[in-house]
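Notes follow the structure.
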Amino acid sequence: MIVHPELRRAARPARRPLLAATLLQGAVTLTHLAQAALLALALAGLAHRDTGRLPWLLAAVLAVVGARAGLTVWQRRTATRAGARVRVALRDELLAHLGRLGPAHLTTARAGAVRTTLVDGVEGVDTYVSRYLPQLLITLTVPPLVLAALAATEPRALLGLVPALLLALAGPRAWDRLLAARGKEHWDTYEGLGADYLEALQGMPALRAAGAVGRTRARLEERSAALHRATVAKLRVSLVDTGITDLAIQGGTAAAALLACWSAVTGSTTATGTYLVLLLASECFRPVRDLAREWHAGYLGASAADGLAALRTAEPAVEDTGTASAHRQAPPELRFHNVRFTYGDAPAPALDGVSFTAQAGRTTAIVGPSGAGKSTLLALLLRHHDPQEGRITLDGRATTEYTLASLRQGIAVVSQDTYLFHATIADNLRLARPGATDDDLTRVARAAGIHDEITALPDGYATLLGERGATLSGGQRQRLALARALLADAPVLVLDEATSSVDERREADIVRALPTAASGRTVLVIAHRLAAVRHADRIVVLDSGRVDAVGEHAGLVEAGGVYTRLVEAGRAHRGELAA
Ligand code: ADP
């Protein structure tokens, strides 16, 4: 019965419509009471063979029934609106928080579980808040009022009603803790299953390649069976719950009826009193019955509350305490000052005293063998983590002084795994800048070397992409992502192995076109393959978390060292391809 603080919190943005929904629910309950009272009067009239008022009373009953129909519709609408507001506010908040948590969070939490919380959990909260809570308030206020009314006409009826009502309300509470535990177990299993399915679907090609489809299916079946068991266990407890409530309701009503009949037989009450007791006794329990029903509907929300709270309060890896805006027209100078960073309890630092400068408006390449620390460097720049030592500055200002949102908005990243949405090509591009004109789109698509291929498609820019852009080749997806990043109004552009699925000639074309396409931006190209960086203004060679050398292509080749080895490895690789 005690409302989870997370759910109370969720209800806050919709306080007004919820209050309206509760008042309307109260009005609906009043129509039930009025109907019972009117019917009692009518029946008493019949008993007294006094039928003069009967037509009026019946007409009043009809009017009450009509009013109730209208009120019920109104109540549902209000409650639905309140629920929608709760849902939207909660999802917005959770999504914004997920954004702040950044990808660092998803390395520990599973995407599928987060999805389940965000979709099903939030739906459950909606039902809980918009249907269960108003009913809860009604249940706590209406029966005592009815009892008070009955006490005035027939005090003895309370002997049966009060204990029954107490039992109906308090009885199930004895099971609450067990129910909460089972509910948590059920929710966790549900979340786990959601995560497993999402992974299995997304990883289908890998599973097939590894011949693991059968095993995965078996594991999913086992998971489904576990969910079934958890559901049944939960149902068993909640059925006992319902059983107790029903028993109390039936027992109480029967006791009240017996008492009413007894007082009628002994002649201590009027007929009206007897009928009132009979009809109001069952009305007294209606809110309790309704509450049990809404409880089942809103149950998922109650179980999800812990998961929601965990997601909402998860600590981001970095603190968003900066206040400066990184939004500016001129490209900034980007500088690493003696940056040192070690992951968790890794034995060696991933970056160990890295210093370099990416000049404003120029292209700086970061190269190095696998594991050199290139991705880490980018993660630090975007503040998915903060370095333990040293600092990173944009235009002389530490990245920590900017608000996270403006910092990340100011850095457009094209990465190896591009994300395209199930939408048209134009829509996918406009994600970066909703107000972009068609001319803007063609300009960036040309710069990214994808314009001709888009116009060759039957629907051109209006072509609907499959899920994750499945209808395009890997290289096309990357170039589209590049176009999207070019469209973004970000003064810093990062290409993170972004041209790796593009063939070399095209890669060279893109890189050559980049200074013009990305003019007015500070560009960072993180690359494995050297063709992509040959024309960079400056190349930073990273090895085992340290800066091995900084220079231009020709100078670095001459100097020998790590860069020369990378060049030779690249040549050998190309040789293999040619052979
Ligand atoms: P690159 O991008 O150049 O291949 P990374 O930045 O990914 O290199 O990795 C640098 C080092 O940090 C490697 O030794 C790698 O094993 C380690 N590393 C990368 N990510 C993590 C992580 N999330 N947790 C622990 N160690 C990591």
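Things worth noting here:
- Dipole of the chain, positive direction: furthest Cα of 262, 514, 426, with charges on the beta-carbon: 262
- Given charges at beta-carbon only (K, R positive; D, E negative), |dipole| of region 5-313 in Debye: 600 debye
- DSSP bridge orientation in the chain - percent antiparallel, rounded to nearest 5: 50 percent
- Percentage relative contact order, the chain, counting C-alpha pairs under 8 Å, at least six apart: 15 percent
- Taking 7 Å steps out from each Cα toward its Cβ at residue 228 and residue 185 produces label points 1.7 nm apart.
- Leading residue at positive end of dipole, the chain (Cβ point charges), from 329, 448, 298: 298
- Part-to-part distance (alpha-carbon centres) for region 411-467 and region 327-393, which is given in Å: 29 Å
- Sequence-distant contacts, meaning Cα pairs under 8 Å at least 6 residues apart, place the relative contact order of region 5-313 at 33 percent.
- The angle between the Cα long axis of helix 15-47 and the main principal axis of the chain comes to about 20°, on a 0 to 90 degree scale.
- Under the Debye formula (equal points on every Cα, no solvent term), log10 I(q)/I(0) of region 334-485 at q = 0.09, 0.11 Å⁻¹: -0.38, -0.55
- Between helix 54-101 and the chain: long-axis angle, C-alpha atoms, 0 to 90°, nearest 10: 20 degrees
- For q = 0.10, 0.12 Å⁻¹, Debye-computed log10 I/I(0) when each Cα of region 5-313 counts as one equal scatterer: -0.70, -0.89
- Under the Debye formula (equal points on every Cα, no solvent term), log10 I(q)/I(0) of the chain at q = 0.07, 0.08 Å⁻¹: -0.62, -0.74
- Computed over region 262-396, the Cα gyration tensor eigenvalues convert (square root of 5λ each) into semi-axes of 73, 18, 12 Å, ordered from largest to smallest.
- Residue order, fewest to most beta carbons within 10 Å, for 265, 540, 288: 265, 288, 540
- Order by protection proxy (mean Cβ within 10 Å, highest first), peptides 151-159, 251-259: 251-259, 151-159
- Fully extending the segment from residue 212 to residue 550, taken as 0.36 nm per residue of separation minus the present Cα-Cα distance, adds 117.1 nm.
- In this Cβ point-charge picture (+1 for Lys and Arg, -1 for Asp and Glu), the chain has a dipole of about 1340 debye about its Cα centre.
- Distant-in-sequence amide H partners of residue 351 (H built 1.01 Å from N, under 5 Å): 341
Taken together, the values in this text are just the output of simple stated rules run on the coordinates, not laboratory data. Everything quoted here is computed from the prediction, not taken from an experiment. All Cβ positions, even for glycine, are placed from backbone atoms using ideal geometry, and neighbour counts span all protein chains on display.
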